Ligand code: 26Y
């Protein structure tokens, strides 16, 4: 007989024993008094045990082989729950469910028990998480570096239709997935001044004399790939006081003063900034960025020089750093500082190493999201870095002057320092200059990046610019979130599509299969029923599962135009009020998403949705033909439930504003049809699935800029379009706000007099195409064909494809196979 180890064995009996063992020894409970959370923890540790073996083999292999590695630096990692995903990647999901059930436990309830690490805002943070999954799956040696926020993105509650923010205490029950490594902490300096001195070789050097210091303690989480043993690390830094007591102050009787430093230091990693795409310029945010970047670079250098004994001169051959937007862009200056000041390397060589190490991904063109820091603030926090940036800038601008003589305008535009008014450090210029590769996240976005925000840089260094269209992991967003569809697909084409998503194309040959179409439809219906039950429980609203589930789930932002969706709802409502017997295809409008706490307009749009919902859902004239549902607290866990249930995916941003979008991909993969503009990755999705399987509306990006250049006047549309006028007037009249005509004034006023995101210009086109959607849905058989073709043709949008492109065209890293444990 073979006796399996309790920590690694995969037989059902072994799994059961391991769970009970962990309950006893880790949670210190016997079954009779164990809580649901105790069982969750026992189960999580049972899974973690099985990861650790692979993790240590991976780490040993990296130490031995010394491969080139990618370090993905990101201020956000929106990981979502680990348990289910790890079970999928380990290949023991079904077996574990059985083991758990044989113990008399509810497997689904245990999965549900996990508090997800919501250490990100939205797209950018979730992309980082998908890329970690794909890098491990493709056996690419990699580390994700970020911040271990004690509080992640706030939980959202709704009071009287308004968003209310609640602290996300995700660590309150403990986190079984991480291991603290206090022995590998680093110190990070802040403030103070610099001093010049002459070193023993007679060279002029600089010393930074800071006025405070914080320690970064790494917490490691294993990231296992799908059907491979490669297990990479997500290393998140937590801030700690260097000394928890200032003994001098303590002995002088100043107990509070002594502990103050501790409180101050630990504030650094306390909370994630909940704004996306709107900078605030807060000092603590810059401190967070520098804190995690400095820890991460010191960590890489220690691995390189100390653990591997390699010379610093070849650092860039062994490490490449991918900057997830400009949030970690201070890395350019910090690596220079470490090389110059701590390793005594000359400027030119230090710059060569730095520029050969960094690669920068831009995620936005919105001016309000482009990071810039007031020079005064920057210099008081990071005096040495400011000097280095001035030096980089001076040398660079000399090159620009040589190349483009007498072009002062160009110099002003390209300078890292914005001197048009108050002086600012432009982080996008720093990141661009310091990187060997600069990429956008969808074809259109990269094109606009080169034309617009980084135009001068693209002209000077065209070879550094490239596109990497985003992707999402099919493990989490199909296999884990949509087991029924996964089973059906696998029964027809086998399961290789999970690693090679292009194989979904084989589904095309089943489109003509009546039986298959019927199964496809039944599955969608069953999932919609689940969501309907959830809506009934959560919101007390009864929805019709035969209606179109029309879903918009994403962060709230004016450019994403949730309020355009609302104008459609009100238009349908007005039509029904005018003609109560109108024959329209029943629809359920579902919204989910958070607004930045300080973004008043976004919060008002949430209030508008809830106000419209109250009126529409209870109006007898509507007779259940339309329902409006706002689902609170949209997060990864909940998103996994939402994507599979959608018939229609709303991707309706103003063309040119949404860099890529990734929710669009998650919906479409799960068989939703898209109504969307020619924006971001929508364009590429439409190319793949075929124009006939995509509901296109609205202006193109170039038309948008043309109209704006000519002087856009929304009022003309309002006057000329009676349905648009009626919808706006309905809001204005206080009809949705119990007679309060002031409530939605800011929103309506902004639309009528500015409409910066061109809702009015796109309104009619949107309404017309929505009418086509309603008609198309009546032909269920045809709709099902379109749905199947959407899934079948989404192969391109696996994050595996994106990562393969980064590997080949940017990072130039070879995969490294890890031997499975025996
Ligand atoms: C500087 C700070 C205010 C800030 C914080 C978060 C700025 C931006 C962000 C987040 C940006 C973000 O999530 N961007 C999204 O990135 C996705 C992944 O590339 C894209 O698909 C999506 O279009 C883009 O809006």
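Looking at (1) out of contact with any helix residue (DSSP H, G or I) (no Cβ under 6 Å at 6 or more places or on another chain); (2) part of a helix (DSSP H, G or I); (3) surrounded by fewer than 22 Cβ atoms within 10 Å (Cβ to Cβ), which one does residue 634 not meet, given that it meets all the others?
Tallying (1) out of contact with any helix residue (DSSP H, G or I) (no Cβ under 6 Å at 6 or more places or on another chain); (2) part of a helix (DSSP H, G or I); (3) surrounded by fewer than 22 Cβ atoms within 10 Å (Cβ to Cβ), residue 634 fails exactly one: (2).
Quick one: which of 637, 627 is more than 16 Å from the ligand (Cβ to nearest atom), out of contact with any strand residue (DSSP E or B) (no Cβ under 6 Å at 6 or more places or on another chain) and over 27 Å from residue 451 (Cα atoms)? Walk me through how you get there before you give the answer.
Details: 627 fails: out of contact with any strand residue (DSSP E or B) (no Cβ under 6 Å at 6 or more places or on another chain).
Among 637, 627, only 637 is more than 16 Å from the ligand (Cβ to nearest atom), out of contact with any strand residue (DSSP E or B) (no Cβ under 6 Å at 6 or more places or on another chain) and over 27 Å from residue 451 (Cα atoms).
Of everything in segment 699-720, what is over 23 Å from residue 768 (Cβ atoms) and outside any helix (DSSP H, G or I)? Give them in sequence order.
711 - this is the single residue of segment 699-720 that is over 23 Å from residue 768 (Cβ atoms) and outside any helix (DSSP H, G or I).
Here are some residues: 579, 574. Which one is within 20 Å of residue 764 (Cβ to Cβ), in contact (Cβ under 8 Å) with a residue 12 or more places away in the chain and surrounded by fewer than 17 Cβ atoms within 10 Å (Cβ to Cβ)?
Numbers: 579 fails: in contact (Cβ under 8 Å) with a residue 12 or more places away in the chain.
It is 574.
Which residues, taken from segment 140-169, are over 22 Å from residue 270 (Cα atoms) and in a loop (DSSP other than H, G, I, E, B)?
140, 141, 160, 161
Kindly state which helices (runs of 4 or more DSSP H) lie completely within segment 401-495 and contain at least 2 residues that are within 16 Å of the ligand (Cβ to nearest atom). Lay out the reasoning, then the answer.
Numbers: elements: 408-414, 427-433, 443-451, 455-460, 483-493.
In segment 401-495, the matching helices (runs of 4 or more DSSP H) lie at 427-433, 443-451.
Which of the residues spanning segment 729-772 are without any contact (Cβ under 8 Å) to a residue 60 or more places away in the chain and farther than 24 Å from residue 368 by Cβ?
If the condition is that a residue be without any contact (Cβ under 8 Å) to a residue 60 or more places away in the chain and farther than 24 Å from residue 368 by Cβ, then 729, 732, 733, 734, 738, 739, 740, 741, 742, 764, 771 are the ones that fit.
What is the one condition in (1) buried (at least 21 other Cβ atoms within 10 Å of the Cβ); (2) away from the ligand (no atom under 16 Å from the Cβ) that residue 227 does not satisfy?
With (1) buried (at least 21 other Cβ atoms within 10 Å of the Cβ); (2) away from the ligand (no atom under 16 Å from the Cβ) applied to residue 227, the lone miss is (1).
Out of the residues in segment 263-290 that are farther than 26 Å from residue 556 by Cβ and more than 16 Å from the ligand (Cβ to nearest atom), state the one that is surrounded by the fewest Cβ atoms within 10 Å (Cβ to Cβ).
Among residues in segment 263-290 that are farther than 26 Å from residue 556 by Cβ and more than 16 Å from the ligand (Cβ to nearest atom), the one surrounded by the fewest Cβ atoms within 10 Å (Cβ to Cβ) is 263.
State whether the residues of segment 135-142 include one that is surrounded by fewer than 24 Cβ atoms within 10 Å (Cβ to Cβ) and within 16 Å of the ligand (Cβ to nearest atom).
No, there is no match, as no residue in segment 135-142 is surrounded by fewer than 24 Cβ atoms within 10 Å (Cβ to Cβ) and within 16 Å of the ligand (Cβ to nearest atom).
Kindly provide the set of residues from segment 507-517 that are touching a residue at least 24 places away in the same chain (Cβ under 8 Å) and over 26 Å from residue 661 (Cα atoms), ordered by number.
510, 511, 516, 517
For segment 79-96, state whether one or more residues are within 16 Å of the ligand (Cβ to nearest atom), buried (at least 23 other Cβ atoms within 10 Å of the Cβ) and touching a residue at least 40 places away in the same chain (Cβ under 8 Å).
Within segment 79-96, one or more residues are within 16 Å of the ligand (Cβ to nearest atom), buried (at least 23 other Cβ atoms within 10 Å of the Cβ) and touching a residue at least 40 places away in the same chain (Cβ under 8 Å).
Answer with yes or no whether residue 199 is in contact (Cβ under 8 Å) with a residue 24 or more places away in the chain, over 36 Å from the mean Cα position of the chain (by Cα) and not assigned by TED's automatic domain parsing to the domain that holds residue 595.
Yes: the conditions hold for residue 199.
What are the pairs with Cβ atoms under 8 angstrom where one residue, in segment 360-375, is assigned by TED's automatic domain parsing to the domain that holds residue 445 and farther than 19 Å from residue 332 by Cβ and the other, located anywhere, is part of a helix (DSSP H, G or I) and more than 9 Å from the ligand (Cβ to nearest atom)? Sequence gap at least six, or different chains.
From segment 360-375, the pairs are 365/448; 365/449.
Is at least one residue of segment 158-168 modelled with pLDDT under 95 and loosely packed, with under 15 Cβ neighbours inside 10 Å?
no
Between a residue in segment 254-282 that is assigned by TED's automatic domain parsing to the domain that holds residue 603 and any residue that is within 16 Å of the ligand (Cβ to nearest atom) and in a helix (DSSP H, G or I), which pairs come within a Cβ distance under 7 Å, given they are 6 or more apart or on different chains?
Listed by first residue and then by second, the contacts come to nothing, as the list is empty.
Can you spot a residue in segment 808-819 that is at pLDDT 95 or above and on the phi > 0 side of the Ramachandran plot?
Yes, the conditions are met somewhere in segment 808-819.
Considering only residues of segment 653-685 that are more than 16 Å from the ligand (Cβ to nearest atom) and either out of contact with any helix residue (DSSP H, G or I) (no Cβ under 8 Å at 6 or more places or on another chain) or assigned to a strand (DSSP E or B) (or both), which is farthest from residue 511 (Cα to Cα)?
Result: 675.
The values are calculated or read from the model by the stated rules, or taken from the named source; none is laboratory data. Source: prediction; values computed, not measured. Every residue, glycine as well, gets a Cβ built from its backbone with ideal geometry; the counts of neighbours run over all protein chains shown.
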